[in-house]
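Report on one structure; see the data block that follows.
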Amino acid sequence: MFTFFPTICASVNLGKVQLAGKNIPCAWDEDQIVGKKVNIGGADYDITLVNVGNPHCVVFSDKVDAINVEKVGPEFENCKYFPEGVNTEFIRVVNKVTIKMRVWERGSGETWACGSGACAAVVAAVLAGYCEKDTNVTVKLRGGDLTVNYHSDGEIELLGSVKTVYEGMFEI
């Protein structure tokens, strides 16, 4: 017997990306913070900041699996540069259409999936010249793959598969 489970996909437009420091918010007032050198927790990083409805700090890395996210994530979230905290994405650009990512979500810890983080990662990769606008980019996370398209008009679109993980009922 063969059972077919169709893949259901959803798409959401997150609107225009905000890049100005005052919209992150952060310690800098520049129009864009791309590849900025900072020292956090005693280590040097090049960071790119993106707001897609919530603040993100993207860090490019050669080996995302080797990063001690449980240690480094809180150092970013609570550092002096981000007075309201920040989500931090550690990414490796595999090629022009593929990114591998791990994420520390402020207030939550490391999560296996983050749609806004995937969007921020693609924006940062475009700003750094690794990826191109108007191109679907696959972002590989521990919880599964997402597809992101950073459009020329500055809007960002997130696409991904949808599956039921819980069902339940509640009474009012």
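The values are calculated or read from the model by the stated rules, or taken from the named source; none is laboratory data. Since we're looking at a predicted model, the values are computed, not measured. All Cβ positions, glycine included, derive from the backbone under ideal geometry; neighbour counts span all protein chains shown. Keep in mind that these areas ignore ligands, DNA and RNA; they rest on the heavy atoms of the full protein, side chains included. Shrake-Rupley method; radii C 1.70, N 1.55, O 1.52, S 1.80 Å.
Computed quantities for the displayed model
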item	result
Qualifying chymotrypsin sites (Phe, Trp or Tyr not before Pro) in the stretch 1-109, DSSP loop, other Cβ atoms within 10 Å at most 16	Phe2, Phe4, Trp28
Share of carbon and sulfur in the accessible heavy-atom surface of the stretch 80-172 [1.4 Å probe, %]	49 percent
Equivalent-ellipsoid semi-axes of the chain, from the Cα gyration tensor, Å, largest first	28, 19, 17
Dipole of the chain, positive end: most advanced residue of Pro74, Val50, Asn95 [Cβ charges, Cα centre]	Asn95
Flagged links, alpha-carbon separation over 30 Å, of Lys96/Lys163; Lys37/Lys163; Lys16/Lys80; Lys22/Lys71; Lys22/Lys163; Lys80/Lys163	Lys37/Lys163; Lys22/Lys163; Lys80/Lys163
MRE, 222 nm, helices only [DSSP H, n ≥ 4, -39500 (n - 2.57), over the chain, to nearest 500]	-4000 deg cm²/dmol
Surface per residue (accessible, 1.4 Å probe) for the chain, Å²	56 Å²
HN-Hα J in Hz across the stretch 157-172 - Karplus 6.51, -1.76, 1.60, θ = phi - 60°, x for Gly and Pro	10, 10, 10, x, 7, 10, 8, 6, 10, 8, 9, x, 9, 9, 10, 9
Cα gyration tensor, the stretch 13-65 - rounded (a/c under 1.5), prolate or oblate	oblate
Distance between modelled label sites at Thr98 and Arg142, nm, 7 Å Cα→Cβ extension	2.1 nm
Longest DSSP-loop-exposure-free segment, trypsin sites (Lys or Arg not before Pro), the chain, at most 16 other Cβ within 10 Å	1-62
Length gained when the stretch Lys163-Trp112 is fully extended (0.36 nm per residue, less Cα-Cα span)	16.8 nm
